[in-house]
Structure formats: structure tokens, C-alpha cells
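For reference, the structure is listed below as C-alpha cells.
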Amino acid sequence: MERASTKTVLRHTRRLARPVRGRYAAAGAAVVISTLITLAGPALVRYAVDAGIKKHSYHALDVAALVFLGLALVKPFAVRAQVLFAASAGERFLDALRRSAFDKLKDLPLGFFEQERAGLLVSRLTSDVQSLTELVREALVEIVGSALQIVLTIAALLFLSPKLAAVALVALPILIVSSWSFHHSAGRVYHAIRDRVAETLTAVQEGLAGVRVVQAFRREKRTLDRYEPRSQAQVTAWRRASFVNIRLFAFLPLAQATALIVVLLVAAQMYRNGSVSIGTVTAFVLYLVQLFDPISRFTEWLGEFRQGLAALGKVVGLLEAPNAIVERPDAVELPLEGALDLQGVTFGYDAARPVVHDVTLSFAAGEHVALVGATGAGKSTLGKLLTRQYDPQKGTLRLGGVDLRDATLPSLHRRIVMLPQEGHLFSGTLADNVRLAHPDASDDDVRRALRTIGALDRFELLPDGLETDVQTRGLRLSAGERQLVGIARIALADPAVIVLDEATSSLDPATEAAVESALAAVAEGRAVVTIAHRLSTAERADRVVVMEHGKVVEVASHDELVEQGDRYARLWASWQAGLAAAGA
Amino acid sequence: MIGAAASGLLWQVAAVAAPLMVKYAIDHGVLARDRHALLIWLGALFAVGLLEMTAGAVRHVYAIGNRSRSDARVRDAIFAHALRLDASYHDRVGPGELMSRASSDAEHVARLMDSIGHTIGYVLTVVAVAVVLLLIDWQLALVVLIPLPLISIAAWAYSRRYHARTERLQEAWGEAATLVEETVTGIRVVKGLGAGDPLAAEFARRSGTVMGRALDIARLDALFMPMIELLPLLGLLAVLWLGGRRVVSGDLSLGSFVAFNAYVAMLVWPMRVLGQRVTTLQKALGASARISEVLEAEPQLREPRHPKDLEERTPGAVRLESVRFGHDGDRSVLDGLDLEVAAGESLALVGATGSGKSTVAGLLARLYDPESGRVLIDGHDVRELRLGDVRRAVALVFEETFLFTDTVRENIRFARPDAGDVDVERAADLAGAAEFIADLPDGYDTVLGERGFSLSGGQRQRIAIARAILADPSVLVLDDATSAVDATKEHEIRAALSTVMQGRTTLVIAHRPATIALADRVAVLEGGRIVEQGTHGELLRSSPRYRTLLALEEAAA
């Protein structure tokens, strides 16, 4: 997964922030109001002193106090508006970011998941997004407030004495050098932190997902030993970042002292000449001292900004991962059923080395076909092409005459489904697991699907029936029961074509029989393409397709192929011999 | 912690001192037209600037250091503890949930550590300013300081709600993380079924919950923060009005009035920050409640206080005595089971799905403890032995093979890290894995995917068997460990299995008659008890139940 360029990050940020622009503007306005109130305070005090105290006027004092009271009562409302608008804008932005990251995740090709580890992806959608909270909720708004304060204070300085203001610029080189040196390294160190976070979480995820094996082989210590350097690396990465951070704001007091020293030296000279009053000098110095307060907050938030930018870059990197399967703008619904035709289909994960080579085949509606061949012959890859996990580099796949690439994705997912070997369960109830792809399905639909495959009675016997919590990874359901859940999902989906990656595991005969009859029930009246690992399955199919090195080498019924006495016949003979040897 | 507090304090002192240096430079240098004094005070100002810079830098490095170390400590503790928690805990709490606690919740606690140095500095500032104000004019000072206790009251009034709402927010994060983790690990099912859209809708719902709960907290902020902003302003107002009147009436000097103003203004920022710290603290408490929930979960399996020793090469006689066991107690899986396997003997355990065969396997390796009854290895109750010793003596091969992101070699070596390459390769050869490993791109150095994606189920199982062979245990438990190995290939490793089983106590859970036939004896498990025992041949002849179980009824009939 590449790190996204700043330009790309900004493009996505603009897109996601568009709906909350108004809220941000409102928060910005609230900040401006509360900043102005803050700045008005000293002005009122000066008025009270000059017009009230010095002239012994209670009236002026009362007026100043009354105005102050008025402003003090407005301020809480401005602060409240700022908090509410900024939080609402920021959280909506983060919500949109999380959702688009998940939307992206579900659309990425399988190959992506074979390369990226689960822990890293979880970290992108949780830890990285979460570390943006400060940036989107506070930093943006606070930067506006401090910037306003800086500008107004500088204006006051210029108003009081342009000459002294020019002298104060002596601090500028220090600020420029320190912020340049910060920004020079900030991107690197903050990206490093996000990387270390992802690595740590990946180690945690893997250790926990495999915790049973770890414990069974008492490798707790070794697992920790391998995790700890990563956890430590995260601490080190933060340490590096802290050393980069201090370049930014530690120099501020120095810059402030330098500016004050030079201003006072010049002011002393000017005062001796009589070209400046002591009142002006005092006011100038006070404003100069005040100026560094917003500058230091500004830089602090700038640091937060860089940190957020790094995290955002990581999430956007995920959003930008190439995604092969997209719906065309003019996509059409796939027909309810029809023949699945492959014409000259060629595909390789690396285009230069095709794994499936020039395959032309036709699966009739309702036909049961077995794909047979040695490991690496291209059966599984062909299965992935049939369900459009990938698009072929050459050739076309059509269902009922419609190219799969022209079909809307929802209709594609409804018509053609794949049943993988393992029956993965999500936490939740059994019924929820069955309706995984159809969350709107009613309880009756779920029961009907389970009854169709003959598994309703079995699952109703569970302690809470279909509402039984399957718990993490379904460790309480056996492999066979998990397969039954997978088949029930298919029955509920009611597709036209099923691509079945046959499970190789041997179940106990009773469960095996249940799984087989469930499969038979769900296969009824649908086209089924089985990636067959057992030739007994091929024997039962209407037709057998034999693959070798990515090519289709034989297509006919089992009997015909055995008759032919060629490749399939040899496979069959060796299967029979194997079974005999297995004593089954 | 001391370094953080000390540097925070120094920084605060320097920050407070700087304006004083400016004041002296103006009074004694500029106004007095004394160039010498001016230079001295400006020199002092520069020194204070340098101190502020250094102390500020040290303070920051300490703060970040504290934060990241605390983050790491919490994370390390959760991970280490989770690895100690037994299987029944992990049956309930998934990796996504624990990851969320180890990262997101840990972060909240870390934030608190980050702020400790600053906070101490701010508290001292408030105290110092309060003392100075009281010295200048105690009556006015009392009026000005009234907001301080009010802020504390407001803070405590709100803090509990922060605590509860943070817990709810973190819970929502945990649920979002769980869904991501489950979707990624089950991506094949998700893709095959086109379940991406409904899952995205579910994620959008959970993400929305996170947002809603974060905004619940923001609504507290929106009540609390304005209050914190208002109270110091009221203090300033009091100074302006009451103080101003006292100056006019001659009870207070103008200088003191100006000083009062300056000092009260110095309170604004620290009080604002201290108010925020209350929320930081409460959020950290909310998060740490979730962290403690993990850390305080007691492993059901406890190490005995005075463990007995188990010899390195114990013979491995196994006995289960009236063992009762039911997951969570809702259905009794084992109901007074008695089973005995002599040292060196092999026993096949046969039974229908759900009959509790895997439970027996888990009990032997002490992944669980029975609710009543005993599990004995060579006459010792496993609960009286060191957990490590039991698991060294008993190697368990699961049906579902978990491969770690590492080379094939390291995955096999998992059980015995000190094993040499030759031993690893011999084990792979025995497990019938050598051939396909040789065909992998980098042979034994090929890195396997997280879930062993690039290998077939049968290949993964053969690596797991190699793992167990290398472990060279006294008791070997094969829990459906060859189920995914192609029936036509299983005979290839059957010879290997019988070599491995030779003279080693072995419990085999299998369905294929040929594999079962490898065992010296067969026990049939039904209704939580052993209902029949004998050799494969005997049972085939005498037991219709056994023939039905193996689906050999017709063959035998």
C-alpha cells in the first residue's frame, strides 16, 4: 500500500469535507467572535484606567465594567457554538472517512488481502482515523483563532511604531529556520509513527488470532519476544518525533527574548533621543509579549496538523489502492438466468504469465459442471473469473448474453455467488450469519433457507435456536456446521450460478451426508461449477472440464471421458487406486 | 515523572520571570537612561529565554516519552495477559475487540500521562498567583478567587458523565474494529457471496454509533468549556469594577490594580487547561475501566502454587476420570467420561459431530479444565503440574491450522525453536510436506501469508503435523488433523503417522477408517461418555453403531 501524495490527500480531504463546510465556517465565525472578545479585554481595562480611575470617574468605570460584563456573557455562547459546530463537522468528516475506507476495503481484489495483513487494515480504519480527532475537531478552528490574534497584534504593533515593528522582525529568521527544519522532517517521523502503530497492531492481531496454537505449543514468551521490539519501536518513533517537534516550538522563547532585547535596545536609544514616549514603549512591549502566545499555540496546532496529515495520508493510501472491479456508468442488470459463456478468456495475476489461457466454454442454465485438474492447473483462478473477482486480460464472460463487466455489481452478486472452502462466521447470532449478504431477510426467509437445505432441525436444537450467538470465529460450531451455514447463505441468496470450491476436509459420515444433501438441495435448478478435489464429485456432474496448465484440455461427461482413455481416465484410475489404498 | 515535573516547573518559572525582566529593563534601563543596567537586564532576559527554551524542550521530550511509554505499557500488558488467558476467554472475546483496547483505550490513558508534567506546572502557577493576589489585597483577591472552587465543583459534576460516555464511545470503537477484523479475515466468504454492501451498511451503522457517542461527549464539552471560559472573565470583571472603585476611593494603588489585572490574566490559560485535564482524566478512567476488564480477567487455568515435576521424557500414560464438561454450562458436552490410554498406546476417538471429541483433545493439553473429574498424565492431575510442562508433554494438532507470517521453516520450528534445519526438514518429510515445500518459490524460506492463504487446506495441515512431529511430545493429539488432506494423498502420510505413533501415546480423532485403523484401539464417544471400546476390527464385527458412525453399514452388511 503506497503512501498517498499530499495532492491526493488534499483531493480526498476536500471531497469528504464538502458536506461539512458550513459547520466549519460557523465554528470559524464563533472562534473569531470569542477571539475578538478576548482581545477587547485589555482595551477595556485601558479605557477604565485612562477615563475612569485617572479621572476619578465612577461613571466611566461603570461603563467599562458593563461592556465587559456584556462581552463576558457573550463569550460562553461563542465557545459553545465553536465546540458544537467543530465537533459536529469533525466527527462527520471522520465518519465519512471511515465509511469510504470500508467501502474501499470491500471492493479491493482478493489479491490485496493476500498481501496485506489484517492487523494493518484494522489499524488504518481505527487507530489512524482516531488519531485525526484532534486535527479535525480542534486544530483547524484553533489555527484560525490564533492566526487572527497574530494578525491583529501585528497590526497594533505597526500602529504603535512602524520602526520598532521593523526591528522586531529580527526574530523572524529564527522562526523561519525552526519551522523549516520542523516541516523538513515532520512528514517522515509522523509517517514512521503510523507505520510502527500498524506493525504493532499486526503483531497483536496475529498473536490473538492464533492464540490457541501459541498456547498449545507454549510459545507465549516467544510471541511476546517478537512483539516487544515492535512495541518498543513505536516508543522510539514517538521519541524521534518529539525531537523534531522541539525544533518547532522550543525556539519560540528564544525568538521572543531576541525580539524583546533588540526592540528594547533600539527603544532605549529612541527614548533618549525623545523620538518615542515611554507609554508607547510599554504598550509596544506588552503587545510583543502577547504576540508570542498565539504564535506558540499556532505552532503547537501546526504540529498536530502534520501528525494528522500523516495519518490521513495512510488512510488515503488505502482509498487510492488500485481497484480492478468497478461498475460502469451505463451498467445493466444481469438477466435472471441464462447460459454462462466464456469466449477466449485469458488471465494472469501477472499479465505476462497467464494462469488461465484462452478458455472458451459454455455452462448451460441448470447444468452441473466439475472443474478437474492438478493443483496449479488454474481451476481456482477460473472460479474467481466466473464470479468476477478479477476481469480477464483477454476474452469475455457473459451471462445470458450480458458481459459481466457491463453488469451492475449488485445484480452480479445476486446472480453469481461463490462458496469458499472454509465457513467463516461473523460474531452475532446464527440467523444473522445466514442473512450475511441479505440483512433484510426475515426470520421466515432464514428458516426457509435452512429448511431447504435440511439443516433447520439441527440448528433449532441449539440452546437459543437460530438466535444462538455463534461467538468469535464460530469455534463452537463444527467445520461441517459452518459449511452448512455457508450453504444456507447461498440458499437465501437464490443465485443463478454457484461456483463451489469443494471442501477437502473429511467430516464424520453423518455430517458429510448432511452437507452433501444440503448442497444437492441448493444446486437444484441452478448452474453449478464445482472446483472438484474429489473425482466422486466429477462422476456425479453433468459434464467434466479437465484443465492443465491453464488450458481446457478435455470437456465431456464422466463416462465419455473415461471411455476416451486419455487424461481424465488416467486421473480417475489413480483416484480409484488411492481410494482402494485408503481402504474406504 | 520527576524529570517531567521539574522541567515543567522550570519552564513555568522562566515563562513567569520573562515579563519581570522586561519590566526591570524598562524601569532601570530605558526610563533611568542607564545603559549598563539595560544591558544587564536584557542579558538576564536572554538567559531566561534560554532557560525557557531548554526547559520547554526537555518538558516536551519527557511528556511524549511518558505518553508513548505508558501507551506501550498498557498495550504490552493487554497482549501479554491475553496470551495467558485460556481458550474459553478467547472463545468470547475476539482479536478485534482486544486490539481496540490495546490501541484506542491505551491511547486515552497515555494522553493523561502526557499531560502530567504540564498539569503540575499549571497547578503551581494557580497556587502561586493566588498567594500573590492575597498578599496584595486579600479582600479583592477573595472575590476574584471565588471562581476557582466553582470550577472545581463544575468539573466534578461533569466528570462522572465523561467517564460513562467515554466508556460507551470506546465500546462502539471496539465493535467497529471487530467488524473490520472479521471482514478482512473472512474476505473470501464476503467476496464469494457479494456480502460487501450489506457489511458496508453495517459498518456505516457502527461508524455512525461511534460518531453519535463522540458527539454525546462533545455536548458535555459544550456545557463545560464555556463555563470554564466564563469564570476567569468574571474574575477579571471583579478586578476591573471593584478594584477600579477601590483605586478611585484611594484604598488600592494604581500599581497594585495593574498588577492584579496582569496576574488574573495569567490565570486564564492555566484554568482553561486544568478544566480540560479533568475531562482528560475522566476519559482515561473510562478507558482504563475497559483495560482493567481485560487485565483482571482471571485465567481459568491457574498454575499450581507448589507444582509437581513432570519428567522431560515422561512415558505419557493418560487417564480421564469421571470428567464433566460443558461450554458455559449450557449443554453438557462430557458427562462423566472415563478414558484410559496406556503409555505408548494409540487410541482413535470416534463419534458424531458435537459429541465432544475436540473437547477431550483440549482437556488433555489443558486448554480447558474439567468442571469435575480429573485428567491425569502418568498419575499426576494436570492441575498439579506446571502448565508449560503439560503442554510440552502433550502436542495438539488442530483441524484448523494457523500459520504465522513467517517462513515455512519457522512455522514448523514453532514448537521447538532450537531445532536444526535438518530436524525441520526431516519432520516435514515425515509429514509428507517435503515435496510441495520444495516446489514453493523459496522452498523452506518461503514466507507464508497471514492465514496461510497461499497453501491449500491439506498442505497447511501437513505443516501442522510436521510442527507436532518436531515437538517430539510424549502424548500426541491429532484432532481431525488430516481431514483436509486429500483422501488419495492421505495414504502417503499414513506411513509417516504410523512411524510417529510408534511407541508414543497418541489420541487420533479421525473419520477415515484407514486412519482409524492405524490406532491400537478405538473408543466410541456418545452422549458425553465412552460407550464402546475395542480394536477397529473387533468393533467392525461386533458393533452396528460403529459401522453406522463410519457409514460402513452397507459395506459390512
A student asked for the Cα radius of gyration and Dmax of the range A:357-461 in angstrom ought to give 17.0, 51
Distance in nm between A:Leu110 and A:Ala43 label points, each 7 Å along Cα→Cβ, equals 6.9 nm
Note on the range A:340-583: alpha-carbon gyration tensor, axes a ≥ b ≥ c; rule is a/c under 1.5 for rounded, else prolate if a/b larger than b/c, else oblate; result oblate
With +1 on the Cβ of every Lys and Arg and -1 on the Cβ of every Asp and Glu, the dipole magnitude of the range B:318-556 about its Cα centre, in debye rounded to the nearest 20, is 360 debye
Shape descriptor, chain B: equivalent ellipsoid semi-axes (Cα gyration tensor, sqrt 5λ, whole Å, largest first) stand at 72, 25, 22
Membrane-span-like helices (DSSP H runs, Cα span along own axis at least 24 Å, mean Kyte-Doolittle at least 0.5) in chain B -> B:2-24, B:106-136, B:196-238, B:254-295
Computed over chain A: longest principal axis from alpha-carbon atoms vs helix A:172-209 long axis, angle to nearest 10 degrees, is 30 degrees
Under a 1.4 Å probe, counting only protein heavy atoms, B:Lys308 has an accessible area in Å², nearest 10, of 90 Å²
Expressed in nanometres to one decimal, the distance between label points 7 Å along Cα→Cβ at B:Asp197 and B:Arg35 is 8.5 nm
So the carbon and sulfur contribution to the accessible area of the protein assembly as shown, 1.4 Å probe, in percent, is 57 percent
In whole angstrom, the spacing between the Cα centers of the range A:503-574 and the range A:333-380 equals 16 Å
Reported to the nearest 10 Å², A:Val74 has, with a 1.4 Å probe, an accessible area equal to 70 Å²
Rounded to the nearest 500, the 222 nm mean residue ellipticity computed for the protein assembly as shown from DSSP H runs (n ≥ 4, each -39500 (n - 2.57)) alone is -20500 deg cm²/dmol
For the range B:2-295, using Cα atoms only, the Rg and Dmax in Å read 25.9, 87
Result for the protein assembly as shown: accessible area per residue, probe 1.4 angstrom, in square angstrom, of 39 Å²
FRET efficiency for A:Val177 and A:Asp464 from the Cβ-Cβ distance with R0 = 51 Å, rounded to 0.05, comes out at 0.15
Each residue of B:38-50 has, on average, a number of other protein chain C-beta atoms within 10 Å of its C-beta equal to 4
The range A:160-229 and the range A:42-64 have their Cα centres apart by a whole-number Å value of 52 Å
Once normalised by the length of chain A, the mean sequence separation of its alpha carbon contacts under 8 Å that are 6 or more apart gives a contact order in percent of 14 percent
Rounded to a whole number, the mean other protein chain Cβ count within 10 angstrom for residues of A:487-498 is 1
Rounded to whole Å, √(5λ) for the Cα gyration tensor eigenvalues of chain A, largest first, gives 70, 25, 23
Helix A:140-160 sits off the longest principal axis of the Cα atoms of chain A, rounded to the nearest 10 on a 0 to 90 degree scale, by 20 degrees
Between chains A and B, the summed loss of accessible surface on complex formation, probed at 1.4 Å and reported to the nearest 100 square angstrom, is 14100 Å²
On the formula 1/(1 + (r/R0)^6), with r taken between the Cβ atoms of A:Ala155 and B:Arg160 and R0 of 45 Å, the FRET efficiency rounded to 0.05 is 0.50
Over the Cα atoms of the range B:318-556 the radius of gyration and the largest Cα-Cα distance (Dmax), both in Å, equal 17.9, 52
Once all protein chains are kept in place, A:Phe298 shows an accessible area at probe 1.4 Å, nearest 10 Å², of 60 Å²
Taking every alpha carbon pair in the protein assembly as shown and sorting the distances into 20 angstrom bins from 0 up to the bin holding the longest one, the percent per bin comes out as 11, 34, 28, 17, 9, 1, 0
Quick calc, B:Arg168 & B:Val123: beta-carbon distance into FRET formula, R0 25 Å, rounding 0.05, result 0.25
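The values are calculated or read from the model by the stated rules, or taken from the named source; none is laboratory data. Quick caveat, the model's predicted, so the values are computed rather than measured. Backbone-built Cβ (ideal geometry, glycine too); neighbour counts: all protein chains shown. The protein model used for the area step is the full one, side chains on, heavy atoms only, and it has no ligands, DNA or RNA in it. Shrake-Rupley method; radii C 1.70, N 1.55, O 1.52, S 1.80 Å.
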